[in-house]
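Notes to accompany the following structure.
The values are calculated or read from the model by the stated rules, or taken from the named source; none is laboratory data. Just so it is clear, the structure is predicted and the values come from calculations on it, not from any experiment. So basically every Cβ, Gly included, is an ideal-geometry build from the backbone, and we count neighbours across all protein chains shown.
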Amino acid sequence: MEYIYAALVLHEAGEDVTEENLTAVLDAANVDVEEARVTALVAALEDVDIEEALAESAAVPAGAPTAPAEAEAERAEAKEEEAAEAEEEDEDEEDTTGEGLGQLFG
């Protein structure tokens, strides 16, 4: 997250988001800088209009789920259902193996 925050600080200050500037901000914040991450972030932001991205993110209410969040919730629900079904199958298998420990001592 520090890398994104550093890019936002640069943008807010009217500076270009370059590898050199991003590294300087991160160094000033005592962040252990990973050059590969800096390079990747600068490349990812190359064609992004940060003002537009910020305006779009402000248009979404804080509590409103986004499409990825909804999809993640659906995946989690499906996994829970699968786990419940698997547990039911395990219980069914246990019931069909006999009448329990009582048979051993009958």
Is at least one residue of region 14-32 surrounded by fewer than 12 Cβ atoms within 10 Å (Cβ to Cβ) and within 18 Å of A53 (Cα to Cα)?
yes
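Take the residues of region 3-13 that are closer than 18 Å to D49 by Cβ and in contact (Cβ under 8 Å) with a residue 12 or more places away in the chain: which is surrounded by the most Cβ atoms within 10 Å (Cβ to Cβ)? Quick ask: steps written out before the conclusion?
Quick first cut of region 3-13, residues closer than 18 Å to D49 by Cβ only: 4, 7-13.
Within this subset, residues satisfying the condition of being in contact (Cβ under 8 Å) with a residue 12 or more places away in the chain are 4, 7-11.
On the way: I4: 10, A7: 23, L8: 14, V9: 17, L10: 19, H11: 16.
Only one residue tops the list, namely A7.
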Going through A6, A62, A78, A55 one at a time, which residue ends up being outside any helix (DSSP H, G or I) and either among the hydrophobic types (A, V, I, L, M, F, W, C) or modelled with pLDDT of 95 or more (or both)?
A62
Take the residues in region 33-44 that are out of contact with any helix residue (DSSP H, G or I) (no Cβ under 6 Å at 6 or more places or on another chain) and of a type in the set (A, V, I, L, M); name whichever of them is surrounded by the fewest Cβ atoms within 10 Å (Cβ to Cβ).
A36
When the residues of region 18-32 are filtered to those that are touching a residue at least 24 places away in the same chain (Cβ under 8 Å) and touching a helix residue (DSSP H, G or I) at 6+ places or on another chain (Cβ under 6 Å), which remaining residue is nearest to Y3 (Cα to Cα)?
L26
